[in-house]
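Here's the structure we're looking at; comments come further down.
Nothing in this text is a laboratory measurement; each read-out follows from the coordinates by a stated rule. The shown structure was predicted, so the numbers you read here are calculated from the model rather than taken from an experiment. Here the Cβ is made from the backbone with ideal geometry for all residues, glycine too, and neighbour counts use every protein chain on show.
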Amino acid sequence: MMINELKEDARQRMDKTVEALGHALNKVRTGRAHPSILEGVRVSYYGSETPLSQVANISVADARTLTVTPWEKNIVQDVERAIINSDLGLNPSSAGEVIRIPMPALTEETRKGFIRQARKEVENSRVSARNIRRDVLSDIKDLLKEKDISEDEERRAQDDVQKITDSYIQKMDDMLAAKEKDLMEI
């Protein structure tokens, strides 16, 4: 039936929204070293901007240090420069072929800034989820207008779509709570 297809479409689109939120929150830095921090860094590699993860190995040395090992010795400086220019506020230092990146401790001020950033990302995702809900509810109303479904079916479908939306918004709120907890730890 069409209503089930609409609900499934809503679920899939909200899944994508939650997935995108996960990526966005990974980019919000915490004091802890995590390879995903460098996700957006691109290195000039043979004339093209290439994601860092495609030209180097990124690993966690300890809770506060990342190590980056480029696959080719001749690009160590390029990788270092890319990290410095990435506006992540990181100061890499290379020793031979390995680049060490200490994670700066977060000040109260930077923590609050990162929490604001995380909340903004979550709010944008909530808005996306509500827009998806609005689209699906509009499609359900069209089915009612076309007399493809009864008013009872419409009401039931609206309730279901609201429940789906609520569950995804709850997931987003949980992700935010986890990120905030992460940011408040030393």
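Quick check: convex hull over the Cα atoms of the stretch 11-88, volume per residue in Å³, rounded to an integer?
Numbers: hull volume 8.6 nm³, N = 78.
Normalising the Cα hull of the stretch 11-88 by residue number yields 111 Å³.
Pick from Asn91, Asn74, Asn57: which is most flexible by mean-square fluctuation in a GNM of the chain where alpha carbon atoms under 10 Å apart are linked?
Taking springs between Cα atoms under 10 Å, the residue moving most is Asn74.
Ignoring everything except DSSP H segments at least 4 long, calculate the 222 nm mean residue ellipticity for the chain; use -39,500 (n - 2.57) per segment, divide by total residues, nearest 500.
Values: 4 runs with 107 residues, N = 186.
When only DSSP H runs of four or more count, the value is -20500 deg cm²/dmol.
In terms of Cα to Cα distance under 28 Å, which lysines are near enough to Lys179, apart from those fewer than 8 places away along the same chain?
Cross-link targets: Lys16, Lys27, Lys112, Lys120, Lys163, Lys171.
When the Debye formula is applied to the Cα atoms of the chain, each taken as the same point scatterer, what base-10 log of I(q)/I(0) results at q = 0.11, 0.17 Å⁻¹?
The Cα Debye sum returns log10 ratios of -0.63, -1.00.
Can you compute the charge dipole magnitude of the chain about its Cα centre, using +1 on each Lys and Arg Cβ and -1 on each Asp and Glu Cβ, nothing else charged? Give it in debye, rounded to the nearest 20.
Details: 30 positive and 34 negative charges, 132 e Å.
Here the chain has a charge dipole of around 640 debye.
Fewest Cβ neighbours within 10 Å first, please rank His34, His23 accordingly. Present the calculation step by step, with values, prior to reporting the outcome.
On the way: His34 16, His23 12.
Fewest-to-most Cβ neighbours within 10 Å comes out as His23, His34.
Go ahead and set up a Gaussian network model of the chain, Cα springs under 10 Å, then flag whichever of Glu39, Glu121, Glu109 fluctuates most.
Taking springs between Cα atoms under 10 Å, the residue moving most is Glu109.
In percent, what relative contact order does the stretch 13-150 have, based on Cα pairs under 8 Å that are 6 or more apart in sequence? Present the calculation step by step, with values, prior to reporting the outcome.
Numbers: 160 pairs, mean separation 32.2, N = 138.
Relative contact order, the stretch 13-150: 23 percent.
Taking Lys141 as the anchor, which aspartates and glutamates have their alpha carbon closer than 19 Å to its alpha carbon, excluding any fewer than eight residues away along the same chain?
Glu5, Glu8, Asp9, Glu151, Asp152, Glu153, Glu154, Asp159, Asp160
Between Ala56, Ala129, Ala118, where does the largest GNM mean-square fluctuation fall for the chain, given springs only between Cα atoms within less than 10 Å?
Answer for the Gaussian network model of the chain: Ala56.
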